[in-house]
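We did not get these values from a lab; they are worked out from the coordinates using the rules stated. These numbers come from a predicted model, not from an experiment. Every residue, glycine as well, gets a Cβ built from its backbone with ideal geometry; the counts of neighbours run over all protein chains shown.
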Amino acid sequence: MLRQSLSQKMTQKLSPQQIQLMKLLQIPTATLDQRIQEEMETNPALEEGEIYEEVFDIQDDAHNFDKDGKEEKKEENFELDEYLNDYIEDDPITYKLKGEAFTETEDKAIPIAIRATFYDHLMRQLDMMQFAHEDEVAIAEQIVGSIDSDGYLRRELAAIADDLLFTQNLEVSENQIKSMLYEVQKMDPVGIGARDLQECLLLQLNQKLESTAEGEGRKEKVLAKRILTNYFDEFSKKHYNKLQKSLFISESQLKGAIDQILKLNPKPASSFSIDGHSSKEVNQYIIPDFIINNKEGELELSLNTKNAPDLRISDQFMDILKTFKDTTKGRKSTKKEKEAVLFVKQKIDSAKWFIDAIKQRQETLYNTMYTIMQYQLDFFKTGDERRLKPMILKDIADITSLDISTISRVANSKFVQTEFGTKRLKNFFSESLQTKDGKEVSTLEVKNILNDIVKEESKIKPLSDERLKEILRDKGYNIARRTVAKYREQLNIPVARLRKAL
């Protein structure tokens, strides 16, 4: 049985201006100019120049007048409103107002200089190899295309066989793929196409053994191969005592073999280079969003506006509206004239929204950074990270009267240039930790001290998390062992056993 009922509910929906501002807040200064250029390319009403000033009310000039000079009735204007709504839905440069169906597009990546990729490097080698059949070429190309950025083939052979069947209608066995994989593994750099770390290291070690004569560290390399082949698990977990007992070797012999293994590259693709640039090297330079200068003890904050040119409304589009007002005065405008003026008005409104959003972005960024600078004044004057105060997003949000999500967007992907170097903004945020004397300190201070302790420890007998906790407590930091483990993981410091060295 069907029933109809009325219900009231309140929902919050973001306006196009709010959406535009949120997206702009997330963009770092390095890519702001690209975003502005995109907007100018898609909206001809927006152009570079001095900040625009409204000469007349655009809203009034968009009205239509009848032959008596009076404004048309709402019924006649209804078609204009309907057309405008339809146009906004179809217009690719405006935010589509579709409620829950609205989705934000991802920010585009920073363009980088074009150079040969690691994949191109492998394919060039593949072109020079001799194959007996075309199927082998297809298999080899599929294998090369499946190699990841580290140089590993982490895709199952059965999955590669399925790919070949679906994409090229080529039915092959896993043995055929394995046979071609061995050919690919002969390519440069050595270790390419390995399916795991063990295979990668063994490929490199075998190549070294082939080119090593007797007496040139060959014994150490042979022992290293034996360790990797039969005792890889003990080696990876650094169970050195087990290795010595199992292999009946001395500590010096084990050290020599491990030194040979440590010379191998666990990520063979990282050694790939063209014109002196490694495959992982990217032409990206940090462009600070804020600049703090210390002038005789007084801090001066400024926004980096090099990538934010002045914007204005195009005079040509403003003239079109003026002309429309003059030409339609005293007569009823045609449907085409209505459509034309709505198009122009929509472009001008879009340009106004964008300019206002850029202005608001600059104000929000400045106010947020100024508050952070005042909050962490001791650090910005001294550069001593131990002077950093505990600070969370809510602290800055309360002072600036901005939403926490806004502060988060400002802090994300932004950098500030100081006399002590360029710092990532989000690194100034940290939780608080109470010392024995009741003083609150930043967790960043504790992490720095923990990092220093680990650097100075004996690598023959690394400190356990329990011992690290005791040392920190001796220094006055009341901290639990699980917290030490959490901070250690955040600092990418492995457990004591994996820090051990012979």
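For the ranges 411-419, 122-130, what's the packing order if you count other beta-carbon atoms within 10 Å of each residue, average per peptide, and put the highest first?
411-419, 122-130
Step through the residues of the range 405-421 one at a time and calculate ³J(HN,Hα) from phi using the Karplus curve (6.51 cos²θ - 1.76 cosθ + 1.60, θ = phi - 60°), rounding each to whole Hz and writing x for Gly and Pro.
Result, ordered by residue: 5, 5, 4, 4, 5, 5, 6, 6, 6, 10, 10, 10, 8, 10, 6, 9, x Hz.
How far apart, in nm, are the 7 Å Cα→Cβ label points at ASN448 and LYS394?
2.6 nm
Counting only residues 5 or more places away or on other chains, whose amide H sits under 5 Å from the amide H of MET187 once H atoms are built in the peptide plane?
none
Mind checking the full-extension length gain between ASP259 and THR382? Use 0.36 nm per residue of separation minus the Cα-Cα distance, one decimal, nm.
That pair, ASP259 and THR382, stretches by 40.0 nm at full extension.
Need one number: nm distance between label points at LYS237 and MET128, each 7 Å from Cα along Cα→Cβ, rounded to one decimal.
Output for this residue pair reads 4.4 nm.
Residue by residue, what Karplus-based ³J(HN,Hα) values in Hz, rounded to whole numbers, does the range 444-454 have, using 6.51, -1.76 and 1.60 with θ = phi - 60° and x for Gly and Pro?
Karplus-based 3J(HN,Hα) across the range 444-454 equals 4, 4, 5, 5, 5, 5, 4, 4, 5, 4, 5 Hz.
Label-point separation (nm) for SER252 and ILE471, each offset 7 Å from Cα along Cα-to-Cβ?
Computed distance between label sites SER252 and ILE471 equals 3.1 nm.
Quick check: convex hull of the Cα atoms in the range 128-211, volume per residue, rounded to a whole Å³?
Spelled out: Cα convex hull of the range 128-211, divided by residues, is 102 Å³.
From the phi angles alone, apply the Karplus equation (6.51, -1.76, 1.60; θ = phi - 60°) to the range 171-182 and give each ³J(HN,Hα) in whole Hz, x where the residue is Gly or Pro.
9, 9, 8, 5, 5, 5, 5, 5, 4, 6, 4, 4
Please report the Cα spread of the range 365-502 along all three principal axes, rounded to whole Å, starting with the longest.
Ordered largest first, the range 365-502 gives principal extents of 52, 32, 28 Å.
Check which residues have an amide H placed less than 5 Å from LEU46's amide H, if you skip close sequence neighbours.
SER314
In terms of modelled amide H atoms, which long-range or inter-chain residues lie less than 5 Å from the amide H of ALA194?
Long-range HN contacts for ALA194: LEU153.
Expressed in nm to one decimal, what extension gain is obtained for the pair SER7 and GLU489 from 0.36 nm per residue of sequence separation less their Cα-Cα distance?
168.4 nm
Students often get this wrong: which residues of the range 143-165 have the backbone nitrogen under 14 Å from the point 7 angstrom along Cα-to-C-beta of THR117?
144-151
Subtracting the Cα-Cα distance from 0.36 nm times the residue separation, let me have the gained length for THR435 to GLU171 in nm, one decimal.
The span from THR435 to GLU171 would gain 88.3 nm if fully extended.
Which entries of LYS242/LYS461; LYS389/LYS426; LYS381/LYS423; LYS389/LYS436; LYS306/LYS414; LYS267/LYS455 have Cα-Cα distances beyond 19 Å here?
Exceeds cut-off: LYS267/LYS455.
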